[in-house]
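Note sheet for the following structure.
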Amino acid sequence: MNSSPKGVLFDFDGTLADTMEGHYLAWKSALAEHGISIDARDFYPLEGTDLHEIAKVFAKGPIWTAESIDALVQKKKEYYVGMQSIAFYPAVETVISELQGRKVPMAIVTAGHLDQLKATVPGEFLDQFDVLLTGDQYKRGKPDPEPYLKGANALGLRPEECIAVENAPLGVLSAKRANTYCIGICSTVGRDILAEADEVLDRFEDLKSSTKFGQL
């Protein structure tokens, strides 16, 4: 990115909000109904993966048809919506409000589905974004570049005119493959895991000290 950035593409889970444990517990509960046991080490490396693809990782064998995978994903979402209380990371609400006030184009680019997002996140927060691009709106999830390519296009920008803010390695790869400058946030993994990002910060609130982010 040679010129100043014009827009921001934010991942949601683990980047804007501390939701990953809630997602893990929802998958754990949904899978337990079928006698399948998982622990956190099984789930966290899959962060950012399409929900149906996550289901297929744990639910294997001929009994798992497309219809039963769909039902499993729906059950997971029901558990998540029922248990999740959204907690934003420090400075998230302030930063988003400031960007919105300056009319900086912003999108959420997440693997989560739109119904799940709208059922768990306050509408007044989501309304600050120009675009909500969720996993049920694209065919190939992270680490494929499609989510970030579509996110930039939906903002009316080229990918290289945007900054992507991510917390997961699959998301970082997706952004970089889309030719988007990527800032990794160490909210759920260490710096070494996010090494492919252009810039790695310890906390979301550190975005304020990022030279590139400060150009918005």
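The values are calculated or read from the model by the stated rules, or taken from the named source; none is laboratory data. Only a predicted model underlies this, so the values are computations on that prediction, with no experimental measurement involved. Using ideal geometry, Cβ is built from the backbone for each residue, glycine included, and neighbour counts are taken over all protein chains shown. All accessible areas refer to the heavy atoms of the entire protein, side chains included, with ligands and DNA or RNA removed. Shrake-Rupley method; radii C 1.70, N 1.55, O 1.52, S 1.80 Å.
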Note to self: Exactly one condition in (1) within 26 Å of D144 (Cβ to Cβ); (2) out of contact with any Phe, Trp or Tyr (no Cβ under 8 Å at 6 or more places or on another chain); (3) modelled with pLDDT of 95 or more is false for M106; which is it?
What the structure shows: (2)
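Let me confirm something: among L25, L9, L31, which residue is surrounded by 15 or more Cβ atoms within 10 Å (Cβ to Cβ) and within 15 Å of the chain's Cα centre (by Cα)?
Every option except L9 fails the conditions.
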Item checked: Residues being open to solvent by less than 60 Å² (accessible area, probe 1.4 Å), farther than 14 Å from G141 by Cα and not in a helix (DSSP H, G or I) - total across region 45-74 -> 3
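This table checks each residue for (1) in contact with a Phe, Trp or Tyr (Cβ under 7 Å, 6 or more places away or on another chain); (2) of a type in the set (G, A, S).
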| residue | (1), (2) |
| --- | --- |
| A91 | yes, yes |
| H113 | no, no |
| D130 | no, no |
| T134 | no, no |
| K139 | no, no |
| A152 | no, yes |
| A164 | yes, yes |
| P169 | no, no |
| D198 | yes, no |
Next item on the list: Have a look at R158, R177, R191, R203 and point out the one that is in contact with a Cys (Cβ under 8 Å, 6 or more places away or on another chain) and at negative phi.
Entry: R203
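Check every one of the helices (runs of 4 or more DSSP H) wholly within region 75-181 and list those with 2 or more residues that are under 13 Å from the mean Cα position of the chain (by Cα), surrounded by 21 or more Cβ atoms within 10 Å (Cβ to Cβ) and among the aliphatic types (A, V, I, L, M).
Working: elements: 92-101, 114-120, 123-126, 146-154, 169-177.
Hits in region 75-181: 169-177.
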Next item on the list: Give the residues of region 182-216 that are in a strand (DSSP E or B) and in contact with a Ser or Thr (Cβ under 8 Å, 6 or more places away or on another chain), sorted by residue number.
Entry: I183, I185, E199, L201
Checklist line | Of the criteria (1) closer than 19 Å to V165 by Cα; (2) over 15 Å from the mean Cα position of the chain (by Cα); (3) modelled with pLDDT under 95; (4) surrounded by 13 or more Cβ atoms within 10 Å (Cβ to Cβ), which one M20 fails | finding: (2)
